[in-house]
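Presented below is the structure to which this report refers.
The values are calculated or read from the model by the stated rules, or taken from the named source; none is laboratory data. These figures come from a predicted structure and were not determined experimentally. In this analysis, Cβ positions are derived from the backbone assuming ideal geometry, glycine residues included, and neighbour counts consider all displayed protein chains. These accessible areas exclude ligands, DNA and RNA; they are computed on the full protein's heavy atoms, side chains included. Shrake-Rupley method; radii C 1.70, N 1.55, O 1.52, S 1.80 Å.
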Amino acid sequence: MHLDGSCPDTPECYIQPGKRGMQITLTPEQDELVRQAVSAGRLRNAEDVVSEALVLWQERERARADLLASLDGADASLERGEGVPVTEESMRALSADVKRRGRERVAAEEPKPA
């Protein structure tokens with residue numbers, strides 16, 4: 001299937017002013033998914049399907065880059081000696097602290113007797 005679903009196999013089909021063109025080959029399953037999305041009216045044409053897929057891919061890549069940057073920051077923190085060892089005891093202490101803060105928050109939100 002061509003990106004617009006109907007164009008003959010010519011360079012004009014894929015190149016529009018101000019845009020670069022690219023021909024892609026879909027598997028039969030991918031082609032059917034595109035056709036179903038367009039025929040169901042979820043997207044206007046195959047270009048919209050590709051655009052939507054690229055937007056989702058870009059979002060995933062941004063999230064991946066953010067995660068990797070976070071991991072780099074964590075590694076640097078550990079190298080500076082800022083890490084906290086995770087032990088059974090430290091997890092119990094963390095759990096107790098979270099519970100204490102939760103109880104304090106609930107108590108602060110409860111209406112005071114008049």
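In a helix (DSSP H, G or I), modelled with pLDDT of 90 or more, out of contact with any strand residue (DSSP E or B) (no Cβ under 6 Å at 6 or more places or on another chain) and open to solvent by less than 80 Å² (accessible area, probe 1.4 Å), is that true of residue 73?
Against the criterion (in a helix (DSSP H, G or I), modelled with pLDDT of 90 or more, out of contact with any strand residue (DSSP E or B) (no Cβ under 6 Å at 6 or more places or on another chain) and open to solvent by less than 80 Å² (accessible area, probe 1.4 Å)), residue 73 qualifies.
Identify the residue in the stretch 79-114 that is of a type in the set (Asp, Glu) and within 31 Å of the chain's Cα centre (by Cα) and, among all such residues, is least open to solvent (accessible area, probe 1.4 Å).
Result: 82.
Between residues in the stretch 71-99 that are among the small types (Gly, Ala, Ser) and residues that are in a helix (DSSP H, G or I) and open to solvent by 90 Å² or more (accessible area, probe 1.4 Å), which pairs lie under 8 Å by C-beta distance while being six or more apart or on different chains?
The qualifying pairs do not exist here.
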